[in-house]
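The structure under discussion appears below in the form of C-alpha cells.
The values are calculated or read from the model by the stated rules, or taken from the named source; none is laboratory data. Being a predicted model, the structure only gives us computed values, none of them experimental. Backbone-built Cβ (ideal geometry, glycine too); neighbour counts: all protein chains shown.
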Amino acid sequence: MRDIKNMPKFDRPREKMDRSGPQALSDIELMAVLLGSGTKDKDVFKLARDILKVIEKDFNGINLEILKSVDGVGAAKASQIMAAIEFSKRFLIKDRIQIRCADDIIKLVNELKNKKQEYFLTLTLDGAHNLIQKRTVFIGILNQSLVHPREVFADAITDRAAGIIFVHNHPSGNIEPSEEDIAVTERLVRVGRLVGINVVDHIIVSKNGYFSFKKEEMIDYETAAR
C-alpha cells in the first residue's frame with residue numbers, strides 16, 4: 001500500500017502545494033491534503049479517489065450520510081469534507097470557466113476562425129481544469145524556431161499552471177495538422193513533462209472546423225491524478 005511518507009518529497013501533495021500553490025494540485029491531490037491520511041486498509045490516494053467518485057455523481061446533493069457510506073470515511077473525515085464543500089459554495093467564484101473538452105476550447109477562440117494570419121495561443125489551466133489565462137504567444141507561420149518552449153511555457157510557469165492547451169489557426173481552411181504542426185507539438189509535450197505542466201491538447205481551428213490532437217490520440221496525455 002502506498003504511503004505519502006514513502007513518496008519523494010517533490011511529489012507529496014503538501015510539499016507540491018507549498019512549492020506551486022493549491023491551483024497546481026489535481027482533485028485527488030487536494031482531497032488527499034484535506035484528508036491528511038488514509039486508513040489501515042486503504043491509502044490516502046485510494047480513499048480520495050473513492051470519495052471523489054461519490055461527490056462527482058451529485059455534488060449539490062452530497063451530505064454526511066453519503067460520505068460516511070464510503071469505506072474508510074468516518075464521522076470526523078466526513079465532517080471535514082462537508083465543511084470544505086460548504087465553505088467553497090459560500091465563496092465560489094461565479095465566473096469561473098472550466099475546460100473539459102475540445103468544444104469548451106473552441107468557444108474561447110472563436111475569433112481565430114476567420115483570421116488571415118496564423119495565431120498561436122496558449123490557455124493555462126489550474127488543477128481542476130479552470131482557465132487561468134488565455135494569451136496570444138505569437139503571430140506568424142508555425143515552425144520550430146518561432147514556437148520556442150521558453151516563450152510558450154514562461155507565462156504558464158508564472159501562472160503556476162497544472163496544464164496548458166495550445167491553439168493555432170489555419171487560414172487556408174484545412175484543419176489537418178502539417179508535419180511541422182506535429183513536430184512542434186511533440187517537442188512542446190516533451191518540454192511540458194520536464195517542467196511539470198501537462199499538455200492537455202493542441203487544437204487547430206479554421207472556418208471549416210477544428211482538429212484536436214487529444215481527440216485523435218496524438219498526445220500522450222497523463223493527468224496528475226494518482
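Among the residues of the stretch 137-151 satisfying the criterion of being farther than 21 Å from Asn198 by Cβ and either among the β-branched types (Val, Ile, Thr) or not assigned by TED's automatic domain parsing to the domain that holds Ile164 (or both), which is modelled with the highest pLDDT? Here the answer is Ile139.
Within the stretch 89-101, can you find the residues that are assigned to a helix (DSSP H, G or I) and either at pLDDT 90 or above or surrounded by fewer than 10 Cβ atoms within 10 Å (Cβ to Cβ) (or both)? If the condition is that a residue be assigned to a helix (DSSP H, G or I) and either at pLDDT 90 or above or surrounded by fewer than 10 Cβ atoms within 10 Å (Cβ to Cβ) (or both), then Arg90, Phe91 are the ones that fit.
Among the residues of the stretch 160-176, the ones that are crowded, with 16+ Cβ neighbours inside 10 Å and in contact (Cβ under 8 Å) with a residue 40 or more places away in the chain come to 10 in all. Going through (1) of a type in the set (D, E, K, R); (2) part of a strand (DSSP E or B); (3) more than 30 Å from Met17 (Cβ to Cβ) one by one, Lys107 falls short only on (2). Criterion first (assigned to a helix (DSSP H, G or I), modelled with pLDDT of 85 or more and under 18 Å from the mean Cα position of the chain (by Cα)) does Met17 satisfy it? Considered against the rule, which asks whether it is assigned to a helix (DSSP H, G or I), modelled with pLDDT of 85 or more and under 18 Å from the mean Cα position of the chain (by Cα), Met17 comes out as no. Evaluated against (1) touching a residue at least 40 places away in the same chain (Cβ under 8 Å); (2) outside the structural domain of Glu151 (by TED's automatic domain parsing); (3) within 30 Å of Pro149 (Cα to Cα), Leu125 falls short on exactly one condition, (2). The numbered conditions (1) surrounded by fewer than 21 Cβ atoms within 10 Å (Cβ to Cβ); (2) closer than 24 Å to Gly209 by Cβ are all true for Val191 except (2).
Among the residues of the stretch 148-162, those identified as closer than 9 Å to Thr124 by Cα and either in contact with a Phe, Trp or Tyr (Cβ under 6 Å, 6 or more places away or on another chain) or not in a loop (DSSP other than H, G, I, E, B) (or both) are Asp155, Ala156. Checking every residue in the stretch 206-221 against the condition of being touching a helix residue (DSSP H, G or I) at 6+ places or on another chain (Cβ under 7 Å), part of a helix (DSSP H, G or I) and of a type outside the set (Val, Ile, Thr) gives zero matches.
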